[in-house]
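**Q** Sharing a structure below in structure tokens format, with a few things to ask.
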Amino acid sequence: MVNIVKRMRKLRELLWIRVGPGALILPKEVTKISMEFNTKIIGGHRGARKFWREMLPRIKYRNPALPIQISRHSDPSGPSLLHIYMSANPGSQPAATSSPATTETSTPPSGTPNPRNTLTPDTSTPTHSIDIKMKGESEILDQLIEKTGAVVIQPTPQELGELEEIKEFKERAEKDRVDVREKLMKERREEELLRLARGEAAAAT
Amino acid sequence: MAHTRSVIAPLSRITTASIAAARPELPKLTSIPYQTIRCAATKSAPKKKKKTRNTFIQYDVKRAEQFSLVDAMQYIRAFEVGRNPSSSKYEMHVRFRTLKNGPVVRNRLRLPHPVKTDIRICVICPPDSKAAAEARAAGATLVGEDEIFNQVKEGIVDFDRCICHTDSLQKLNKAGLGRILGPKGLMPSTKTGTVVNQVGTSVRNMVGGSEYRERMGVVRMAVGQLGFTPEEMQRNIKAFMDALKKDIAQMSDRITKEVHEVVLSSTNSPGFTLTGEYRGANSIAPKELSGPL
């Protein structure tokens, strides 16, 4: 099991998932978010991946019931899109969103390699499709907020204080790391010198 | 097991036989005692040998941050955002207060909601025999002989486990599939226990069962798929803990073992120490966590 101190530090830093850019509450009309981008960052897919890794956990934490899907293709010149599905527009949208939910409850999620294909195919068209090629993660977030009208959660002073503390701790840790490394390298160098000297002495005699 | 038996054995019998009985236990003694001994030997050979401890270093769980199940699940689902729900799993880590060199917990169980539901099992036996019917009833997906051989030869291998009936072993060996199935680890052989007489029971064991064992004082097991609802997870965790407690109770006459810490994590998330409660004071409604990921 991972060392308790290490684990507790990780949990203390969990704050990042509660506050920061992306901590927002989406309005009820948003039924689903899906993304589509390349598996590699080449070709302007860097922002998309960053957005997934950094912002999406925060969004998911604040909106736990919102399904978020990501499909990644292997074509660098392929699309890099953020789809937002909203139920506000009439038509097939509500039916399409409710049917996956019902199948989900009746059958257990399968363990096959690609269960998404076995579920009911998502035929509904997204309300908004944002092209996120060559865009930074904060730009993407801004566009998402603008399109959906999400409410951003402001961190409390206490949380800000904690964030500051963690930041300070990390800075100190980095400094310590450099110091320790220097000391270690020095020791090793001396040892090496000693060894060389001894080796030469042995060779001479 | 062997270890305790050798301890119980009368002193008069401590001859070559009992030493031989103790030997298979040696590699299982976990690598840590070895390392500590080795370090002590290299560092301070002339000094008195340090007394080696035979328990794991324990820490105070009360000081650790603890989570209720629903809270932990909310975090884990946030960490697993955008992942393929079938490739990520919930894992449990249960830490014991126990001896380093004592007997270990080791068993298998069937969870109420199996983690891996559709292992595709291939059974090689005559398609119209009784064994074939048994295998089909137990949940095997592919049953047959020549058709399967032909399929595999063409390169279509769409199963994860392969079992062979004892009577069909000759036919299988003659078909020369070892070249294809061997590297995948699917070739049935008596050594791995995949050549059996009772096809039905072994298929049934393979379908839903999962194995666990204690290593370094910790039992780890996958307990759920990412798409599980909190209720399903609760049932699975309860079943797992009950099984563990039963195992501990069975060996209570020899040794004391207690559960020290229970941690829930997943493939891409940190570990969350569980309080044992279903939901905390200000956790969200469990219903919000039951939707698709």
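**Q** Using r as the Cβ-Cβ distance of B:Tyr59 and B:Asp146, and R0 as 45 Å, what FRET efficiency do you calculate, to the nearest 0.05?
**A** 0.15
**Q** Still on this structure, please answer the following. Let me check something: with ligands and nucleic acids excluded, how do B:Val223, B:Val262 order by accessible area (1.4 Å probe), largest to smallest?
**A** B:Val262, B:Val223
**Q** Taking K and R as +1 and D and E as -1, what net charge do the other residues with C-beta under 11 Å from the C-beta of A:Ile166 add up to?
**A** Details: positive: A:Arg9, A:Arg12, A:Lys167, A:Lys170, A:Arg172; negative: A:Glu13, A:Glu159, A:Glu162, A:Glu164, A:Glu165, A:Glu168, A:Glu171.
Neighbour charge sum, excluding A:Ile166 itself: -2.
**Q** Among A:His128, A:Phe169, A:Leu144, which residue has its Cα furthest toward the positive end of the charge dipole of the stretch A:127-178, with +1 on Lys/Arg Cβ and -1 on Asp/Glu Cβ?
**A** Result: A:His128, furthest along the dipole toward the positive end.
**Q** To continue, here is another question. Would you mind checking the pairs A:Lys60/B:Lys89; A:Lys6/A:Lys170; B:Lys238/B:Lys287; B:Lys62/B:Lys89 and listing those with alpha carbons more than 23 angstrom apart?
**A** Too far apart for the 23 Å limit: B:Lys62/B:Lys89.
**Q** Another one. For the full complex of protein chains and a 1.4 angstrom probe, list B:Glu147, B:Glu154 by accessible area with the highest value first.
**A** Greatest to least solvent exposure: B:Glu154, B:Glu147.
**Q** Grab the other residues whose beta carbon is less than 14 angstrom from that of A:Gly149, score K and R as +1, D and E as -1, and report the net. Kindly include the intermediate steps, with their values, before the conclusion.
**A** On the way: positive: A:Lys28, A:Lys147; negative: A:Glu29, A:Asp142, A:Glu146.
Summing Lys and Arg as +1 and Asp and Glu as -1 gives -1.
**Q** With every protein chain kept in the model, how would you rank A:Lys133, A:Lys170 by accessible area, 1.4 Å probe, largest at the top? Each step should come with its number before you reach the end.
**A** Values: A:Lys133 60, A:Lys170 110 Å².
Largest to smallest exposure gives the sequence A:Lys170, A:Lys133.
**Q** Considering only protein heavy atoms, what is the solvent-accessible area of A:His83 at a probe of 1.4 Å, reported in Å² to the nearest 10?
**A** Its accessible surface works out to 30 Å², give or take rounding.
**Q** Count charges around B:Asn268 for me, please; just the other residues with Cβ under 12 Å from its Cβ, Lys/Arg as +1, Asp/Glu as -1.
**A** Every neighbour counted, the sum reads +2.
**Q** Using unit Cβ charges (K, R positive; D, E negative) and no other charged atoms, how large, in debye to the nearest 20, is the dipole of the stretch A:156-205 about its Cα centre?
**A** In debye, rounded to 20, the stretch A:156-205 gives about 460.
**Q** Tell me whether the stretch A:144-205 comes out rounded, prolate or oblate; compute the Cα gyration tensor, take square roots of the eigenvalues as a ≥ b ≥ c, and use a/c under 1.5 as the rounded threshold.
**A** It is prolate, given that a/c is not under 1.5 and a/b is the larger ratio.
**Q** Below 20 Å, Cα to Cα, which aspartates and glutamates can B:Lys174 reach? Residues fewer than 8 away in the same chain don't count.
**A** B:Glu145, B:Asp146, B:Glu147, B:Glu154
The values are calculated or read from the model by the stated rules, or taken from the named source; none is laboratory data. A quick note: this is a predicted structure, and the numbers were derived from the prediction, not measured. Note that each Cβ is placed from the backbone with ideal geometry, even for glycine, and that neighbours are counted across all protein chains shown. Surface accessibility is based on the protein's heavy atoms, side chains included, excluding ligands, DNA and RNA. Shrake-Rupley method; radii C 1.70, N 1.55, O 1.52, S 1.80 Å.
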